[in-house]
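The values are calculated or read from the model by the stated rules, or taken from the named source; none is laboratory data. If you're wondering where the values come from, they're calculated on a predicted model, not measured in any experiment. We place every Cβ from the backbone using ideal geometry, glycine too, and count neighbours over all the protein chains shown. Surface accessibility is based on the protein's heavy atoms, side chains included, excluding ligands, DNA and RNA. Shrake-Rupley method; radii C 1.70, N 1.55, O 1.52, S 1.80 Å.
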Amino acid sequence: MVWLISTTAYSQSSDPFLHKLYDRLHESRAQTKYRQLAPIPVGAVYVQRPGEGEKEIREHFRTMKRLGFNALKQIMTVPGWTIEQVQLMALEEGIIPWWYGEGGWEAITDNLLKKLAIPLQTPMTEVRRHPRIIAYQTEVLRRRILNTQAYIKTNGRPLKDRSVAYEPELGGRGFDLTERGKQQFRQWVRKQYGTIGQLNKAWNQHHAGLQPGETEPFQSWDDFEQRYDKLGGKEYRHLHDILNFKAEHGIASIRQTCEQFRAFDSSAVFRGGGEIGLFHPLAWYGVDLERIADLMTQYGSFYPSIHFAWHYGEVNYELVRPFYMQASLANDFFKGGWAATWESTGGPQQFSGGRGGGADFTVDEGTITQFLLSQIAAGFRGWGAWAYNARTAGWEAGEYALLDRHNQVTPRAIRMGQIGQAANRYRDELWAAHKEPVVGVLYDWHNEAMWAAMTESGRDEFKHRPMQARVGVSRALINANVPFEYVTVPDLKKGLGPRYKVIYLPAELSLSDELLKLLTTYVEQGGRLVLDVPSAYYDDYAALFPTNDGTPFERLTGVTIREYQGAGANRTYKLGETTVTGMIASLLPTKAKVISRYDDGQPAVTEHRFGKGTAVVLGYEAARMCFRPNNAASEKQLLASTLGPYQAPYTCDGAIAYRLASPQADHYFLVNDGPAKSVTLATGTMRYKNAKDAVTSEPINLSQPIRIDANSGRWVRAER
C-alpha cells in the first residue's frame, strides 16, 4: 500500500512505520550532531558535604566512574567553593561535568578529523574513542568552564542554560492575568482574530447568554478593551485563548534565552521542558510542552522532571505503568529529537513532594530497574539523577539520593550504573532504534485547554479528565503488551498518521474541523479510527459539534450522536459483564454496524467502513473507565473494540513488555511488578540469531522461560 503524504510518497512496504519521516520531524544541525555523537549521559547531582575537600570529591568521582556514571547532572557546593572548581576536578577524573555528557562536544567534522590526523573513513564508533578526539574535546569542555568563570566574574551570575516550563510573569496558573498580562493579551487577541467580527464569531457572541454582562456582542475594539474581562466562565473559547496566549508567551521567552545561550557557546546543549509532571493539567498551567520540545529542535534536548513524590500524585502515586506513560509522552512530543529525563529520582523520598507526604513507596534497585528500563523503552537516551548523594540538612535532607545517609554506595547506585554501562555499550543501536506502534493515542493540547476552560465555574475536576482518559487507554495497551505511541495533531499534519494501524481519540471533547479532515483522510486510506465519549461534544470554539445526518462526522462514522446521557447515578448500564460508568452517547446508526449493545438494547459500539478503513465509535467513557488499576473487564472490552483485526506483534506472559527495534537488534524491556517469576516472551514472526541480557551479558534462550526478580525487570537484546 502506498500512502500519499504532502507531496512525497512513502512506500509502507519498505518503511511500514515511516521511520524516515519520523526522523525528519525535528531534524536540524543540532539534532544531526547528537545523532552522530550518540551520547548516553549517565549523570547524577553531586552534593558537597561540609568538610569534604578535594581528596573526598575526587574519590566520589572515581567511584562514580567505576560504577558506570559518565556525567554530572549538577553540582551543589558548600560556602567557599565554586561549581567551576569542582567541574575541573570532575573533568580531570573522566566525568563530564554537565548533564549532556558528550552531547556538548563540538561536532566531529571532516575538517576536525583532518586537523587531528584521523583517517576520514574511520568508523564513528572508533572516532569517538580515539585518544586525540578525547583530548581535543576535553579541552573544549575545559575552556567552557574557564569561559563560564569569566562570564560570572563579569556578570555576577552564570548564563541561563535551561528553561522552566511555567513562568508566572503574566499571571498565575489558570486564567489569572496580571495587569501587564491583560494588556499583552488584548494585543494578542487583536493579532489573532484581526477584526471584531471574527472575534465575536470565535468567542460565540452570536449565541444566547454569552455576551459580556449578557448584553450585546463587542461593537468595536474599544468596546472589547473595556468589556472583554466581563465574559465570565460561561464562554469557554476566550478562556482557552488565555491559556494559549500564556503558552505562546512562554515559547517566546524560552527562545530568547536559547539565543543568548547559543551566542555564548554554540556547542553546549540547552535543555527545555522543566520541573513539571506530565500528569498535571498542562494546558491549565498555560504550558504546551510539545511547543517547547519543537523549539528544542534547534537548540538542544527536551526533558520532563520525574520525581515520584512530586509528579505521580495525579495517578495516585502508581509508578510502574506511569513510568512508561510519562517518558513516552515526553519522547513522543519530540519525535526524532533528543529527549531524556535530565531531572529524575535517585532514591527514597518520604518528606518531600507535591502532597507533603503520603507517598510511601520504596526506591530500591528493583524500582530503579523498572524506572530506567521504562525510560529507555520509551525512547529516552540518558538520564540525570537527583541525586548522587543527599543534602545534609533541612529541605530534602537524606532524600532522593543513590548513596545512603552515610555516603556509602547502595545496590540501587550499582544498578543504575550497570544499566548505564549497558546503555552506552549499545548507544548506537539505541540512537538508531524506533518504536513500532500498532496504536497511536492522540494527544491534543487544544482539547485539554477546552477541558480546562470548563473548570472556571468551579468544576475543578474537569481539567484532569483528558489525562485520566489518556492513562486509561495507555494502561489497557500496556497490560496487553500492545505497542503504542502518543501522536499529536501536528504529527498528523506532517503526515505521520499512516504509521499507526489504529488511532485512538480518548475524551476528545473539542474536535476541530481540521482534525476531523485529517482523520477522515487517515480512515479513507486504510486506517482504523476509534473515538470514545465525550468526543465530538464541542468544536474547537466550544460550540456544539454537528453530528447530524449528512455532516462530515456522520459520513465518516456512520452514526449521529443525538445527545449525551450518564450511567452510574440513577441508571445502570451493562456492556456484557462490564458495568458502564460516566457519560454515554445516544447513538443513532445511519450506515454503521452495531457491534455491541447495552443490556437495555441501546447501541454501545458501532463500526463503519469508510474508504479503505474503519471508524469505530465507543459510546461510553471507555478509556477513563480504565484509569485506575484492576479493571480487567473494562480493559478487555476497550481492547476488543480498538484493535479489531489487529493484534500485538509479540507477547509476554506474566510481565509488561516493551520493544525498541534497531537494524542490528531488537531490544525488549521486561518489567515485573510482582513476585519473582519466569515469563515467556513470544516474538511472533521475528526470528533472531541469539539473545542475551543486555546488562549482564548472560545468554538467554528465547524458547525457554525468562526469570525476572521480584519488582524488577530485565533488558533482553535480541540480535537480528
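What separates the Cα centres of the stretch 203-282 and the stretch 636-673 is a distance of 39 Å. With each label modelled as a point 7 angstrom along the Cα→C-beta vector, the LYS114-LYS20 pair spans 3.1 nm. GLU92 to LYS234: FRET efficiency via 1/(1 + (r/R0)^6), r the Cβ-Cβ distance, R0 51 Å, to the nearest 0.05? The value I calculate is 0.20. Each Cα pair under 8 Å and six or more residues apart adds its separation to the average, and for the chain the resulting relative contact order is 12 percent.
Is the stretch 316-375 best put as rounded, prolate or oblate by its Cα gyration tensor, with a ≥ b ≥ c the root eigenvalues, rounded for a/c under 1.5, and otherwise prolate when a/b is larger than b/c, oblate when not? Prolate, because a/c is 1.5 or more and a/b exceeds b/c. Between the Cα long axis of helix 83-92 and the first principal axis of the chain there is an angle of about 70°, rounded to the nearest 10. Evaluated on the stretch 1-117, the Kirkwood hydrodynamic radius is 17.5 Å, with distances taken between all distinct Cα atoms.
In the context of the full protein assembly, TYR228 retains an accessible surface of approximately 10 Å², using a probe radius of 1.4 Å and ignoring ligands and nucleic acids.
Computed 3J(HN,Hα) for the stretch 200-214, one whole-Hz value per residue from the Karplus formula 6.51 cos²θ - 1.76 cosθ + 1.60 where θ = phi - 60°, is 4, 5, 5, 9, 6, 6, 8, 9, 6, x, 10, 7, x, x, 6, glycine and proline marked x. log10 I(q)/I(0), Debye, Cα-only the stretch 284-411, no solvent, q = 0.21 Å⁻¹? So the normalised log intensities are -1.23. At the listed q of 0.16, 0.25 Å⁻¹, the Debye profile of the stretch 659-720, built from one uniform point per Cα, gives log10 I(q)/I(0) equal to -0.47, -1.11. Label separation (ARG143 vs ARG190): 4.8 nm, computed from points 7 Å beyond Cα along the C-beta direction.
Surface composition of the chain: carbon plus sulfur atoms contribute 49% of the solvent-accessible area (1.4 Å probe, protein chains only, all chains present). Here the average projected area of the convex hull drawn through the C-alpha atoms of the chain stands at 33.3 nm². Taken per residue, the accessible surface of the stretch 13-98 reaches 42 Å², heavy atoms only and a 1.4 Å probe.
Stretching ASN701 away from THR572 to a fully extended chain increases their span by 41.5 nm, per 0.36 nm per residue minus the current alpha-carbon distance. Relative to its residue count, the stretch 559-713 spans a Cα convex hull of 151 Å³ per residue. Comparing Cα centroids, the stretch 307-326 and the stretch 451-526 end up 20 angstrom apart.
With a Förster radius of 45 Å applied to the beta-carbon distance between HIS406 and ARG687, the computed FRET efficiency rounds to 0.35.
Taking all protein chains into account, the per residue accessible area for the stretch 126-243 stands at 55 Å² (1.4 Å probe). Over the stretch 600-642, Cα pairs under 8 Å with separation of 6+ residues give a relative contact order of 30 percent.
The residues of the stretch 618-669 have, on average, 38 Å² of accessible surface per residue, using a 1.4 Å probe with all protein chains present.
For GLN602 and THR125, the FRET efficiency from 1/(1 + (r/R0)^6), where r spans their Cβ atoms and R0 equals 45 Å, is about 0.15.
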